[in-house]
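These notes concern the structure reproduced below.
The values are calculated or read from the model by the stated rules, or taken from the named source; none is laboratory data. The structure displayed is predicted, hence computed values, not measured ones. So basically every Cβ, Gly included, is an ideal-geometry build from the backbone, and we count neighbours across all protein chains shown. Areas reflect the complete protein model, heavy atoms only, side chains present, ligands, DNA and RNA absent. Shrake-Rupley method; radii C 1.70, N 1.55, O 1.52, S 1.80 Å.
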Amino acid sequence: MTVGILGAGQLGRMLALAGYPLGLDFLFLDPAKDAPAGRLAPVLQAPFTDRKVLGQLARSCEVATIDWENVSVDALRALSGAGARIAPPIPAVATAQDRVSEKRLFERLGIPTTSWQAVGSRAQLERAMREIGLPGVIKTRRLGYDGKGQAVVKTREDAARAWDEMGSVGLAHSHGLIYEEWIPFDCEVSIIGARSRRGETAIYPLNGNVHAQGILRLTRAPYGPPRWHRLAAEYLERVLAHFHYTGILTIEFFVRGGRLIANEMAPRVHNSGHWTIEGAVTSQFENHLRAILNLPLGSTRPTGYSAMLNLIGTLPPRDTLLRWEGVHLHDYGKEPRPGRKIGHCTVVETTRLRRDRRARQLLAELAPGIRFP
C-alpha cells in the first residue's frame, strides 16, 4: 500500500519512518533536489503544479496527503481529479492557507480568537488601527510561517514601514493583509488530534510552546491545567467535525488570564507534536497514517513528561548530545543554515519537575539565548 505525500521535508520524512513498520510504502512529490525524505523513499522532483507528475502520483498511491499546508490547492484539486483520494480535506487546507478564512471559521464555530480586520489599502489599515487599537500585528493573509510575513506595530510609523514591506506582496497576490490585535499572552499552547475516515477521534495532551523570532524552540507536554486541555480539545473537535476531517489537525492558542484565544490552525502533523515519537503510546505521525487509511487510531496516552527542543541553524556535536542520558536525537539531514530547523531532540521523564529541569538544562546548553518560562 503506497501513500503519496506532497512535500518531502522533515515532516514527510517522519511520516515515512512511522509508516514503514506498518508495511506502508511512500512516494513523494517535491521540487527540491535535496529534500530530507529523499533518503528514505522515491521523490518525483517537479513543481507541485506539474499536472503530468500529479497524474503519475495519483496512479501510484491509495491516498495522498501533505507535509506542508501551503501546497497549491489547485494542485490538490488536480490530484483529486486524476483519481487520488486526498486527506486532509481540500477545504480544510484552503481555509488554513488564508488567515481571513481561518478567523471567520473560528468565529463561526464559537472559538475565541483575536479581533481582526482584512486590510487591502492604507486607508483600510488606518481604519483597522483606529477600531482595534495599537499595538497590533500586521500579517500577510497567505504564506506566513515561522514568523515570516508578519510584523508587530506599536506606532503608525511602524505600520507604514510594515505596509511598505508587505502590502505590495499581499496585493500582488490579490490577497491583501490582515491586521489583528496584539495579545500580551501568558503562554502559548497547542492541541493536536486525529480523526479517521470512520469518524473516530484521538486527542493528544496539551502542548506548552516557547517561540523566539517566530520559530518554535521548546515544547513541553503534558502542559497546563486540565481545564485548558478540555477547552482546547472541545474547540479542536468542532473543527474536525466541521470539515468531516481526516488526518492530524493542530490548533495553536494564546493563553491570557486562563482564556484560550485561537491563533491559527495547521492541517498536518505539527512541530509541537514531535515529542509524541518517544513520549506517547502512538506518535502523531503514525496516527495520521492510521487516520487517512481508515485504520483504528492508536492511543495518545503520554508515556511520561516530555520536552522537545528544536535544533536551529546547526547541529551540536553528536558525541556531546548523545552522551546526555535519555536524549533522543532526530537529524533531518538538512544543510545548516541560519534560522533553519535541522533537527530536534526529546527527553521523557517520570515527573513534571524532572522534565522541566532537563528542559532548562537543554536550553542552557543548546539555545542559551532562549529564556525558560
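Would you call residue 373 assigned to a loop (DSSP other than H, G, I, E, B) and within 16 Å of residue 219 (Cα to Cα)? Give the steps one after another, and end with the answer.
Numbers: assigned to a loop (DSSP other than H, G, I, E, B): yes; within 16 Å of residue 219 (Cα to Cα): yes.
Taking the combined requirement at face value, the residue satisfies it.
What's the number of the only condition in (1) in contact with a Ser or Thr (Cβ under 8 Å, 6 or more places away or on another chain); (2) buried (at least 16 other Cβ atoms within 10 Å of the Cβ); (3) over 22 Å from residue 282 (Cα atoms) that residue 49 fails to meet?
Answer for residue 49: the failing condition is (2).
How many residues does the range 243-260 contain that are more than 14 Å from residue 201 (Cβ to Cβ) and open to solvent by 10 Å² or more (accessible area, probe 1.4 Å)?
Residues flagged as more than 14 Å from residue 201 (Cβ to Cβ) and open to solvent by 10 Å² or more (accessible area, probe 1.4 Å) within the range 243-260 amount to 6.
So residue 297 ticks every box in (1) touching a Phe, Trp or Tyr at 6+ places or on another chain (Cβ under 8 Å); (2) part of a loop (DSSP other than H, G, I, E, B) but one. Which box is left unticked?
(1)
I'd like to verify a number: residues in the range 61-81 that are in a helix (DSSP H, G or I) and open to solvent by 50 Å² or more (accessible area, probe 1.4 Å), how many?
So the count comes out to 4.
This table checks each residue for (1) crowded, with 16+ Cβ neighbours inside 10 Å; (2) modelled with pLDDT under 95; (3) assigned to a helix (DSSP H, G or I); (4) not basic (Lys, Arg).
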position: 4; (1), (2), (3), (4): yes, no, no, yes
position: 12; (1), (2), (3), (4): yes, no, yes, yes
position: 17; (1), (2), (3), (4): yes, no, yes, yes
position: 21; (1), (2), (3), (4): no, no, yes, yes
position: 26; (1), (2), (3), (4): yes, no, no, yes
position: 37; (1), (2), (3), (4): yes, no, yes, yes
position: 44; (1), (2), (3), (4): yes, no, no, yes
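Hey, among the residues in the range 208-230 that are open to solvent by 40 Å² or more (accessible area, probe 1.4 Å) and touching a Pro at 6+ places or on another chain (Cβ under 9 Å), which one's nearest to residue 274 (Cα to Cα)?
That would be 223.
Just to be sure I understand, how many residues within the range 135-154 are open to solvent by 30 Å² or more (accessible area, probe 1.4 Å), modelled with pLDDT of 75 or more and over 8 Å from residue 182 (Cβ atoms)?
Result for the range 135-154: 4.
Quick check on my filter: what residues within the range 55-94 are out of contact with any strand residue (DSSP E or B) (no Cβ under 8 Å at 6 or more places or on another chain) and closer than 17 Å to residue 245 by Cα? Walk me through it before giving the result.
First, the residues of the range 55-94 that are out of contact with any strand residue (DSSP E or B) (no Cβ under 8 Å at 6 or more places or on another chain): 55, 59, 70, 72-74, 77-78, 81-83, 89-91, 94.
Answer for the range 55-94, where residues must be out of contact with any strand residue (DSSP E or B) (no Cβ under 8 Å at 6 or more places or on another chain) and closer than 17 Å to residue 245 by Cα: 73, 77, 89, 90, 91, 94.
When you check residue 111 against the structure, is it under 26 Å from residue 240 (Cβ atoms), without any contact (Cβ under 8 Å) to a residue 40 or more places away in the chain and in contact with a Leu (Cβ under 9 Å, 6 or more places away or on another chain), yes or no?
Considered against the rule, which asks whether it is under 26 Å from residue 240 (Cβ atoms), without any contact (Cβ under 8 Å) to a residue 40 or more places away in the chain and in contact with a Leu (Cβ under 9 Å, 6 or more places away or on another chain), residue 111 comes out as no.
Just to verify a result, which residue in the range 304-326, among those that are surrounded by 15 or more Cβ atoms within 10 Å (Cβ to Cβ) and aliphatic (A, V, I, L, M), is modelled with the lowest pLDDT?
Once the filter is applied, the top-ranked residue is 321.
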